[in-house]
1. With respect to the numbered conditions (1) in a loop (DSSP other than H, G, I, E, B); (2) surrounded by fewer than 20 Cβ atoms within 10 Å (Cβ to Cβ); (3) under 23 Å from the mean Cα position of the chain (by Cα), which one is the sole condition not fulfilled by THR232?
2. Go through (1) in contact with a Cys (Cβ under 8 Å, 6 or more places away or on another chain); (2) within 22 Å of LEU332 (Cα to Cα); (3) away from the ligand (no atom under 13 Å from the Cβ) one by one and return the number of the condition CYS238 breaks.
3. Of the residues that sit in region 29-67 and are free of Cβ contacts under 8 Å to residues at least 40 places away in the same chain and assigned to a helix (DSSP H, G or I), which one is nearest to the ligand (Cβ to nearest atom)?
4. Just checking: which of the strands (runs of 3 or more DSSP E) contained wholly in region 311-401 hold 2 or more residues that are out of contact with any helix residue (DSSP H, G or I) (no Cβ under 9 Å at 6 or more places or on another chain)?
5. Please give the number of the condition SER175 fails out of (1) within 27 Å of PRO203 (Cα to Cα); (2) touching a residue at least 12 places away in the same chain (Cβ under 8 Å); (3) away from the ligand (no atom under 16 Å from the Cβ); (4) surrounded by fewer than 22 Cβ atoms within 10 Å (Cβ to Cβ).
6. If we keep just the residues of region 201-223 that are open to solvent by 50 Å² or more (accessible area, probe 1.4 Å) and not basic (Lys, Arg), which is farthest from the ligand (Cβ to nearest atom)?
7. Sort through ALA112, ALA61, ALA87 and tell me the only one that's of a type in the set (A, V, I, L, M, F, W, C) and over 19 Å from GLU267 (Cβ atoms).
Amino acid sequence: MDSEKVIKRDNEYVLHTYGRNPVVLEKGHGLYAEGPEGQKYLDFTSGIGVNSLGYCDLTWAEAVSEQAHKLQHTSNLYYTAPCGKLAKKLCKRTGMSKVFFGNSGAEANEGAIKAARKYSFDHYGKGRDTIITLVNSFHGRTIATLTATGQEVFHQYFGPFNDGFQYVPAGDINSLTELVDRHTCAILLELVQGEGGVMALDPEYVQAVRALCDEKDLILIVDEVQTGVGRTGTFLCCEHYNLKPDLVTLAKGLGGGLPIGAVLMNEKVAEGMGPGSHGSTFGGNPVVCAGANVVVDRMDAAFLSNVNERAVQLRTGLAKLPRVKSLSGIGLMVGIDFLEGIQAADVLAACREKGLLVLTAKTRLRLLPPLTLTAHDVDMALEILGEVLTGMQPKTVEETA
Ligand SMILES: *Cc1c(COP(=O)(O)O)cnc(C)c1O
């Protein structure tokens, strides 16, 4: 079916909660995706940080299809090997004690919110249940995670929203310390705010948050849905901050393209989550876990070195391009600020025309390439971005308005 027909049918029958690019993707290999008419795209989005091994990695695809041929689902009433295998690897890699599996980032954060509140209830009783999150954060689209998201634009239309969430500006330890009271049970944060504009937190601030949590016995939840599983050059972004949270949530890149979410818990939080306390029909699904096992196995020292080397190459190249003002983020989670008059959305559209797929986050251009990218892939992306930016004329204030 040609692109025009695919787009027309989709527009007619699929609920349009997304502003889709006018691009149909039919197949992919490595860093490249192809459209029905043979269009070729270099993909620096990886499906928003999901396709960590690129398109259709052979080992990943074989593990997934082998498991699909063997046993596709059992429910959590029975044991299957891939789920426990993945949980063990995640615990060994991160120093956490137990894992709960769900299907998405939002669901992982829901699980973390529940586990934090359960810990607080078990140790302090009722009424100590408030979770403090950061302004400009993003934690998901369910009602509770929307409420947790510290952006007013998300707190519309769908109310009533949940009680028990408060917000403080990122980086401001005094505001946070002042807000903590006898109702506070946890602090939830992203180390690099992704959707909020690719903004990394200051390491000193993060250490101060950890110290505050220790002092008041608050649960520190780190949302690594976007930053986790190698994205920033370490398995968890926490490693950059030398941080030990009580709860870590993972999702996006973990499954290599299949839906999975995980809540990693330390011993003290895991203790309270006994049989019946939480669940998810699809959670720990063997096909999905078979894929995730390949992703985690692939992330050895050499793999992570490539992530770091490519990140340096990409950032060094980007800094030299015209109209680029500054770069943000860590590793292969890259935000680009442009000089005045250059709109990230215009750059995105122009890149697409030249066969490079990129993202935006707030006012920034955002790059989340597959972690398997080569030096040549980086050169190609820099070449296209260079051409686009060289040809871009800054708009006047009237034109942008
Ligand atoms: C994408 C994202 C989520 C939501 O994940 P879904 O899988 O879309 O539910 C939550 N937190 C962060 C930091 C994210 O980037």
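1. Of everything listed in (1) in a loop (DSSP other than H, G, I, E, B); (2) surrounded by fewer than 20 Cβ atoms within 10 Å (Cβ to Cβ); (3) under 23 Å from the mean Cα position of the chain (by Cα), THR232 misses just condition (2).
2. (1)
3. ALA61
4. In region 311-401, 324-328 are the strands (runs of 3 or more DSSP E) which contain 2 or more residues that are out of contact with any helix residue (DSSP H, G or I) (no Cβ under 9 Å at 6 or more places or on another chain).
5. (2)
6. As a first pass, look at region 201-223 and keep what is open to solvent by 50 Å² or more (accessible area, probe 1.4 Å): 202-204, 207, 211, 214-216.
Now narrow it down to the ones that are not basic (Lys, Arg): 202-204, 207, 211, 214-215.
Numbers: ASP202: 18, PRO203: 19, GLU204: 22, GLN207: 21, ALA211: 23, ASP214: 24, GLU215: 26 Å.
Result: GLU215.
7. Working: ALA112 fails: over 19 Å from GLU267 (Cβ atoms); ALA87 fails: over 19 Å from GLU267 (Cβ atoms).
Step by step, each of ALA112, ALA61, ALA87 is checked, and only ALA61 is of a type in the set (A, V, I, L, M, F, W, C) and over 19 Å from GLU267 (Cβ atoms).
Yes or no, residue by residue, for (1) under 26 Å from SER328 (Cα atoms); (2) free of Cβ contacts under 8 Å to residues at least 24 places away in the same chain; (3) in the same structural domain as VAL225 (by TED's automatic domain parsing):
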position: PHE101; (1), (2), (3): no, no, yes
position: GLY111; (1), (2), (3): no, no, yes
position: SER120; (1), (2), (3): no, no, yes
position: LEU134; (1), (2), (3): yes, no, yes
position: ARG141; (1), (2), (3): yes, no, yes
position: PHE154; (1), (2), (3): yes, yes, yes
position: PRO169; (1), (2), (3): yes, no, yes
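The values are calculated or read from the model by the stated rules, or taken from the named source; none is laboratory data. None of the values given here were measured: they were computed from a predicted structure. For neighbour counting, all protein chains shown are included, and Cβ atoms are generated from backbone atoms with ideal geometry for every residue, glycine included. Calculation scope for accessible area: heavy atoms of the full protein, side chains included, ligands and nucleic acids excluded. Shrake-Rupley method; radii C 1.70, N 1.55, O 1.52, S 1.80 Å.
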